[in-house]
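**Student:** One structure follows; several queries about it will come next.
The values are calculated or read from the model by the stated rules, or taken from the named source; none is laboratory data. All values reported here derive from a predicted model rather than from experimental measurement. For neighbour counting, all protein chains shown are included, and Cβ atoms are generated from backbone atoms with ideal geometry for every residue, glycine included.
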Amino acid sequence: MGRVIVWVSAGAASAVAGKLAQAKHGDVIFAYCETGGEHPDNVRFLSDLERWYGQEIIHLRSEKYASTWEVWEDRSYLAGIDGAPCTRELKMEPRLKFQRPGDLHVFGYTADKPDILRASRLRLNWPDMLVETPLIDGGLDKRACLAMVENAGMKLPVLYGLGFPNNNCIPCVKATSPAYWALVRQEFPDEFDRIAKLSRKLEVRLCRLPGDVRAFIDEIPADFPVTQPTVPTCDFLCHLAEMGLKDNAA
């Protein structure tokens, strides 16, 4: 086997997956793909993670694009059935250039059903890639990961406290929930206005209103409810994982 690469996304899940992989394998590489579209607080959180891991996180960048906005505007495409071009250009391409045959790739997919399905699709689409998903293997869901980050003495990324389910780019064009877009409109009105205008220009209906009706995000009612913060919860499996980390550190 080659190198063990932990793909850090600045979210709580990949943070915990990285710590578990480090405890298991010892010699690991932490890599982070910059998108130019994430919250500024991620700089602080990544610095906290480096102290937690005791080693640096390698930053990878696209050789062509500096931000999600550059991708969308250059490609005149936001998102579709095959995903979003920003993911390909800013995350996948840098990863493909960095990886080597035989590397083991550690991803922070949680034990929540949507992530289990995503992990399955990853393995199906990339059959030659060696993949490890320690959170799924340990039965750790998103709430447990949030709790483990807090229990380690770190402040969670800002977006979680605002009610966003993930610490993604602002905005994330792969999101279709009107509650998500209503929250973007509430917390980041400038970004909302910019993507609303671009989606109108490109005639892309990014959200699904009740009744599975595709709509432009500026058609979401002003009083539409927003997503609420996920409550960190450390269950038995979470405590078991934390005990394992402490035993390894000792």
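**Student:** Might you let me know whether segment 199-208 holds any residue that is within 30 Å of W52 (Cβ to Cβ), in contact with an Asp or Glu (Cβ under 9 Å, 6 or more places away or on another chain) and not in a helix (DSSP H, G or I)?
**Tutor:** Quick first cut of segment 199-208, residues within 30 Å of W52 (Cβ to Cβ) only: none.
Within segment 199-208, not a single residue is within 30 Å of W52 (Cβ to Cβ), in contact with an Asp or Glu (Cβ under 9 Å, 6 or more places away or on another chain) and not in a helix (DSSP H, G or I).
**Student:** While we're looking at this one, here's another question. Residues being more than 17 Å from the chain's Cα centre (by Cα) and surrounded by 15 or more Cβ atoms within 10 Å (Cβ to Cβ): count how many of those fall in segment 74-109. Can you show your working first?
**Tutor:** So the first thing to find is which residues in segment 74-109 are more than 17 Å from the chain's Cα centre (by Cα), and the list is 74-78, 80-82, 96-104.
Narrowing further to those that are surrounded by 15 or more Cβ atoms within 10 Å (Cβ to Cβ): 75, 77-78, 98-99, 103-104.
Selection size over segment 74-109: 7.
**Student:** Just one of (1) in contact with a Lys or Arg (Cβ under 9 Å, 6 or more places away or on another chain); (2) of a type outside the set (S, T, Y); (3) in contact (Cβ under 8 Å) with a residue 60 or more places away in the chain trips up L60, so point out which.
**Tutor:** (3)
**Student:** G54: in contact (Cβ under 8 Å) with a residue 24 or more places away in the chain, farther than 28 Å from I195 by Cα and over 18 Å from the mean Cα position of the chain (by Cα), yes or no?
**Tutor:** Details: in contact (Cβ under 8 Å) with a residue 24 or more places away in the chain: no; farther than 28 Å from I195 by Cα: yes; over 18 Å from the mean Cα position of the chain (by Cα): yes.
Spelling it out, it is not the case that G54 is in contact (Cβ under 8 Å) with a residue 24 or more places away in the chain, farther than 28 Å from I195 by Cα and over 18 Å from the mean Cα position of the chain (by Cα).
**Student:** From (1) buried (at least 21 other Cβ atoms within 10 Å of the Cβ); (2) under 17 Å from N166 (Cβ atoms); (3) among the hydroxyl-bearing types (S, T, Y), pick out the condition that doesn't hold for S62.
**Tutor:** (2)
**Student:** Criterion first (free of Cβ contacts under 8 Å to residues at least 24 places away in the same chain, within 20 Å of the chain's Cα centre (by Cα) and within 28 Å of R88 (Cα to Cα)) does F188 satisfy it?
**Tutor:** Details: free of Cβ contacts under 8 Å to residues at least 24 places away in the same chain: yes; within 20 Å of the chain's Cα centre (by Cα): yes; within 28 Å of R88 (Cα to Cα): yes.
Yes; evaluated as a whole, the condition is true for this residue.
**Student:** Exactly one of these conditions fails for V231: (1) surrounded by fewer than 13 Cβ atoms within 10 Å (Cβ to Cβ); (2) of a type in the set (A, V, I, L, M); (3) in a helix (DSSP H, G or I). Give me its number.
**Tutor:** It is condition (3) that V231 fails.
**Student:** Confirm whether S67 is of a type outside the set (A, V, I, L, M, F, W, C) and over 19 Å from the mean Cα position of the chain (by Cα). Reasoning before the result, please.
**Tutor:** Working: of a type outside the set (A, V, I, L, M, F, W, C): yes; over 19 Å from the mean Cα position of the chain (by Cα): no.
Answer is no for this residue.
**Student:** Of the numbered conditions (1) part of a helix (DSSP H, G or I); (2) within 18 Å of G18 (Cβ to Cβ); (3) free of Cβ contacts under 8 Å to residues at least 24 places away in the same chain, Y160 fails exactly one; give the number of that condition.
**Tutor:** Answer for Y160: the failing condition is (3).
**Student:** Within segment 1-113, considering only helices (runs of 4 or more DSSP H) that don't extend past its boundaries, which have at least 2 residues that are more than 22 Å from C172 (Cβ to Cβ) and at pLDDT 95 or above?
**Tutor:** It comes to 12-25, 41-53, 93-98.
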